[in-house]
Each structure stands twice: as C-alpha cells, then as structure tokens.
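**Q** Take a look at the following structure, please.
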Amino acid sequence: MSRLDILFQKVDPSLRKELAVAAAEDGEVLKAVEQAVNRGLISAVLYGNEDKIKKIAKDNEINLRGMIIKNSDNAKTAAVEAVKSIKNDENDFLMKGKLNTSDLLKAVLDKEYGIKKNDTLSHVMVYDVPGYHKLIYLTDGGMVTFPDINDKVNIIKNSLCVCNAMGLEMPKVAVLAAIENINPKMQATVDAASLVVMNKRGQLKGCLIDGPLAFDNAIDKEAAEHKGIESQVAGDADVLLVPNIECGNMVGKCLTYFGNSISAGVIVGAKCPIVLVSRADTAISKLYSIALGSLI
C-alpha cells in the first residue's frame with residue numbers, strides 16, 4: 001500500500017471529471033486510464049490515431065469500455081484538439097500521452113485556443129518516499145528552467161493548490177540551496193531569504209517558508225539540529241522548492257530510482273491540471289497522477 005492511495009479516497013465519484021488524453025497511443029497511459037475509469041474516478045476522451053489506440057488496447061488486453069475515441073491524424077493535431085476541448089469546457093482536465101512535452105505545451109500556450117491561466121506554469125510531483133514520514137511535494141523539476149524570484153513566488157502558489165487539494169492547509173516549504181547561509185554570490189540563497197521575509201510579512205500566505213536549507217536539513221531533523229538550525233520547517237518539510245529545473249529533475253529521479261518512491265505529477269497554473277509524468281513511469285504512477293489531477 002502506498003500513502004498515495006489516499007488519492008482514491010479523496011476523489012468524490014459523484015463529481016466525476018472527464019479526462020482528455022492527448023495522443024493516447026501509449027500502452028501504459030491506456031492501462032492507467034482504464035484503471036481510473038474502472039475505479040469510477042473519471043470518464044475519458046482519447047485523442048489520437050483510432051486504429052493505433054485500438055490495436056494497442058487489444059495487444060495489452062485493455063478494455064476501452066466507457067472511453068470515447070476522437071481520431072486525429074498525428075500527435076500534434078491530437079494535442080490541439082484535446083486542449084481546445086478544455087478551452088470549450090467539453091472536458092475537465094488534460095493528460096499527456098505519446099508526444100513531446102513541447103508539442104503539448106505549444107497547444108496549451110497558444111494565444112487563440114490555449115488554456116494558460118496564471119503567470120507561471122509549473123510542475124509539482126508528489127512522492128511517497130519509503131524513508132520519509134509523510135508525502136513530499138517537489139517543485140519545479142519540469143517546467144521553469146531558471147526561475148527568478150517572481151517565478152518562485154508563483155511556483156510556491158501553484159504548489160499550494162496541490163497541497164490544499166490533498167488536505168494540507170499550512171504546508172511547510174523548504175527553499176533548497178547548497179548551503180544554509182545567505183551568500184550574495186549564490187542567488188538561490190538570496191532568493192530563499194527574500195521568500196522567507198515575504199512569508200513573514202504576509203505577502204506570501206497559506207504556508208510556512210524557511211530557507212536557504214540544504215536538502216539534508218530540509219528532510220532530516222537530526223541534520224538540522226547538528227547544524228544549529230531551529231525551524232518549524234527543517235526536518236519536516238512538505239514542499240521542496242528547488243533552485244532550477246536540473247536540480248528538480250535530478251532530485252526527483254533520485255527519489256524514484258534510488259529511493260524506490262512512487263509518485264504522481266501534474267502541471268498547475270493552467271485552466272485545469274495537466275497530468276504529466278515521465279514516459280518511463282509505470283501505469284500505477286500514471287494512475288495516481290490521474291487521480292491527483294481529478295482531485296485538483
């Protein structure tokens with residue numbers, strides 16, 4: 001049992017959302033959608049090559065009952081049609097299938113039919129790490145390459161949407177850096193200090209923020225105490241805010257491959273959540289991600 005199973009308990013079947021899958025010609029994606037439909041979490045519309053979708057389903061013994069297929073000539077067209085369905089309120093949230101993330105985001109950000117809502121789109125991963133005492137939220141390892149202080153404010157706000165949907169009313173946000181002290185030559189530490197002050201002065205509400213914190217101090221109380229750090233966040237972080245996309249990507253993959261974590265991931269900041277996980281992720285990870293998107 002994963003602690004992420006709480007997602008299935010939190011989703012209200014009476015408020016079942018309809019998922020639009022862009023380029024649904026992917027076995028693991030279809031398995032996840034099938035399980036989500038069977039659990040009563042969602043209904044689904046599959047945008048993509050109908051013949052390929054049906055063949056993949058047949059080869060993998062996937063039952064497409066309860067899913068609507070809308071044929072598209074190619075993945076880019078499927079992405080456009082899926083995004084338009086959200087824009088027109090035909091479907092409730094979006095999932096990336098077998099296409100490049102850049103092609104999906106191009107449709108999401110299109111000025112005519114796109115669905116960007118907030119100033120910043122950011123990615124939030126939720127991890128069940130066997131060695132940690134609760135679920136942990138990592139942001140942003142998938143969208144904003146080198147966030148400035150304004151981006152980081154928006155990334156935190158986006159992460160709060162996910163935390164609140166999961167029942168966390170006052171999440172603890174650790175702003176990560178290589179060291180715990182403020183060093184003007186290390187921008188991540190300067191940004192962290194600014195975010196802490198903004199939080200204390202009520203400019204950034206709904207969470208507790210501390211930083212700069214090195215990774216060990218954020219997730220291990222003994223490490224924090226050893227360095228003399230007194231903090232409500234240190235050793236008990238809910239959200240890990242990384243300084244850049246490389247750091248987020250590497251931390252996330254370390255949690256998965258070294259830490260044997262199970263995860264769920266979504267993009268937030270658009271009109272709806274966008275379910276987006278690695279192509280290498282398993283069907284169960286994709287299922288959790290669908291449930292998370294449905295909940296948000």
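The values are calculated or read from the model by the stated rules, or taken from the named source; none is laboratory data. It should be emphasised that the depicted structure is a prediction, and the values quoted were computed from it without experimental measurement. Note that we place each Cβ from the backbone using ideal geometry, even for glycine, and neighbour counts take in every protein chain shown. With ligands, DNA and RNA removed, areas are computed over all heavy atoms of the protein, side chains included. Shrake-Rupley method; radii C 1.70, N 1.55, O 1.52, S 1.80 Å.
**Q** Could you give each residue of region 13-18 its phi-based ³J(HN,Hα) in whole Hz, using Karplus coefficients 6.51, -1.76, 1.60 with θ = phi - 60°, and x for Gly or Pro?
**A** x, 6, 10, 4, 8, 9
**Q** Out of region 212-278, which trypsin sites (Lys or Arg not before Pro) are coil in DSSP terms and have no more than 15 other C-beta atoms within 10 Å?
**A** K227
**Q** Considering only protein heavy atoms and a probe of 1.4 Å, how much of the accessible area of region 1-101 is carbon and sulfur, as a whole percent?
**A** Reported share for carbon and sulfur atoms: 42 percent.
**Q** Holding the Cα-Cα limit at 23 Å, pick out from K54/K253; K31/K55; K17/K58; K76/K111; K58/K96; K52/K253 the pairs that are longer than that.
**A** Check vs 23 Å cut-off fails for K54/K253; K17/K58; K52/K253.
**Q** Residues with amide H under 5 Å of I69's amide H, sequence separation 5 or more or different chain, H placed in the peptide plane at 1.01 Å from N; which?
**A** Here the answer is L46, since their amide H atoms fall under 5 Å of that of I69.
**Q** Over region 179-296, with every protein chain in place, what whole percent of the accessible area is carbon and sulfur at 1.4 Å, could you tell me?
**A** Carbon and sulfur together cover 55 percent of it.
**Q** Moving to a separate point now. Calculate one ³J(HN,Hα) per residue across region 116-130 by plugging θ = phi - 60° into the Karplus curve 6.51 cos²θ - 1.76 cosθ + 1.60, and present them in order as whole Hz with x for glycine and proline.
**A** 5, 10, 8, 5, 10, 8, 9, 9, 10, 10, 10, 10, 9, 9, x
**Q** Quick one: what are the phi-derived ³J(HN,Hα) couplings along region 205-222, Karplus 6.51/-1.76/1.60 with θ = phi - 60°, whole Hz, x for glycine and proline?
**A** Once rounded to whole Hz, the list reads 9, x, 7, 10, 10, 9, x, x, 10, 6, 4, 5, 5, 6, 10, 9, 5, 5.
**Q** Probe of 1.4 angstrom, ligands and nucleic acids ignored: what's the accessible area per residue over region 1-127, in square angstrom?
**A** 51 Å²
**Q** Continuing with this model, one more query. Could you tell me the center-to-center distance, by alpha carbons, between region 135-155 and region 244-296 in angstrom?
**A** Taking the Cα centre of region 244-296 as reference, the centre of region 135-155 is 14 Å away.
**Q** Going by average Cβ neighbours within 10 Å, how do the peptides 279-285, 102-108, 137-143 rank, with the highest at the top?
**A** 137-143, 102-108, 279-285
**Q** In region 122-183, which trypsin sites (Lys or Arg not before Pro) fall in coil by DSSP and have 15 or fewer other Cβ atoms within 10 Å?
**A** For trypsin sites (Lys or Arg not before Pro) across region 122-183 that sit outside H, G, I, E and B with at most 15 neighbouring Cβ atoms in 10 Å, the list reads K134.
**Q** Under the classification rounded if a/c is under 1.5, otherwise prolate if a/b is larger than b/c and oblate if not, where does region 151-250 fall, given a ≥ b ≥ c as square roots of the Cα gyration tensor eigenvalues?
**A** rounded
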